[in-house]
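Remarks on the structure that follows.
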Amino acid sequence: MEAGTMNMQDLLTGYVEDLNEATKSREFEPFVQKWFDVPRCSWTLNHEVTGIADAKNFWTHFLPVGQPVPREVLQFPYKVEDGRVYTWRMLQGGVAKKPSYGLQETQFDDKTLISQIVISSTPEKPEVDEDPQAAKSRLGRILLAFADAFNDYFKEGDESIFDEWCAPDVHMVLDTTVWGMGVVGPHHRIAQSANFTLGEWQDLGDGHLKVRLDYTDWGGKDGFNDFDMTVTPEGKIRELVATLELE
């Protein structure tokens, strides 16, 4: 399929139809291999919320719980400064065949409640300058206890566990990217009940698309994704940057 003759409407319609089929069958690996430019592709999610209610809405909406092999995030504090704990993190378990890595900054207020969480992903285990006392500090130990509580959420799905840890106006920023077949991982977060519909879209030229993807019944919730998408002349997704809106 050549870029000049590619029918973007047909491409997007086929993509959404296959996404709905994969959501029901859970066969996301062949879906990614068909639609993404593996191994050069990337998938990015940018999301930002303020307030414990919106943070819990995101966590309960987007993070799978109760899996046979529960997800688990291991935190490794490497610096504590001005009430802020810097960690590198490793996600394992769930449907993932290998761990994924990232960085996290967790800010504590004067009541030792979490007032901000900033998470970004890295393609490999990050290299950091580690203060050996960071994990043993008071805030380092509190952060590790919060990580244990969060991992309990992955097992049990009880969202009330967050209330005693976070400030009412907690601010959460997520900027995560996966590469190659790692693109499969975020798809497994989609609830099997979800159904997607193609909304408005724009062709900006040179394979650059702006796409709205509406969904219903994702864990009982409705909403939409805004995609900033780049496709190759062969119709494969090279880059996809998503922003998530929850109703």
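General observations
- Residue 22 satisfies every condition listed in (1) within 22 Å of residue 228 (Cα to Cα); (2) assigned by TED's automatic domain parsing to the domain that holds residue 138 except (2).
- Filter result for residue 177 (within 22 Å of residue 32 (Cα to Cα) and either in contact with a Gly (Cβ under 8 Å, 6 or more places away or on another chain) or of a type in the set (D, E, K, R) (or both)): no
- Looking at region 29-116, the strands (runs of 3 or more DSSP E) lying wholly inside it that each contain 3 or more residues that are surrounded by fewer than 19 Cβ atoms within 10 Å (Cβ to Cβ) and of a type in the set (D, E, K, R) sit at 72-81.
Here's the yes/no breakdown for (1) in a strand (DSSP E or B); (2) assigned by TED's automatic domain parsing to the domain that holds residue 77:
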| site | (1), (2) |
| --- | --- |
| 151 | no, yes |
| 164 | no, yes |
| 184 | no, no |
| 211 | yes, no |
| 222 | yes, no |
| 229 | yes, no |
| 234 | no, no |
| 238 | yes, no |
| 242 | yes, no |
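- Number of the condition not met by residue 194 [criteria: (1) surrounded by fewer than 16 Cβ atoms within 10 Å (Cβ to Cβ); (2) of a type in the set (Gly, Ala, Ser); (3) in contact with a Phe, Trp or Tyr (Cβ under 7 Å, 6 or more places away or on another chain); (4) farther than 17 Å from residue 77 by Cα]: (1)
- Number of the exception - residue 20 against (1) assigned to a helix (DSSP H, G or I); (2) at pLDDT below 95: (2)
- Qualifying residue in region 187-204 (condition: in the same structural domain as residue 74 (by TED's automatic domain parsing), of a type in the set (Phe, Trp, Tyr) and on the phi < 0 side of the Ramachandran plot): no
- Filtered residues of region 82-138 (kept if within 18 Å of the chain's Cα centre (by Cα), among the hydrophobic types (A, V, I, L, M, F, W, C) and under 26 Å from residue 164 (Cβ atoms)): 88, 90, 91, 103, 117, 118, 119
- Looking only at residues in region 222-235 that are out of contact with any strand residue (DSSP E or B) (no Cβ under 6 Å at 6 or more places or on another chain) and not small (Gly, Ala, Ser), the one that is farthest from residue 194 (Cα to Cα) is 233.
- Residue 56 more than 30 Å from residue 8 (Cα to Cα) and free of Cβ contacts under 8 Å to residues at least 60 places away in the same chain: no
- Residue list for region 200-218, restricted to those being buried (at least 16 other Cβ atoms within 10 Å of the Cβ) and under 20 Å from residue 22 (Cα atoms): 211, 213, 214, 215, 218
- Region 54-81 - residue that is under 18 Å from the mean Cα position of the chain (by Cα) and modelled with pLDDT of 85 or more and, of those, nearest to residue 133 (Cα to Cα): 75
The values are calculated or read from the model by the stated rules, or taken from the named source; none is laboratory data. This structure is a prediction, so every number in the text was calculated from the model and none was measured. Cβ: placed from backbone, ideal geometry, glycine included. Neighbour counts: every protein chain shown.
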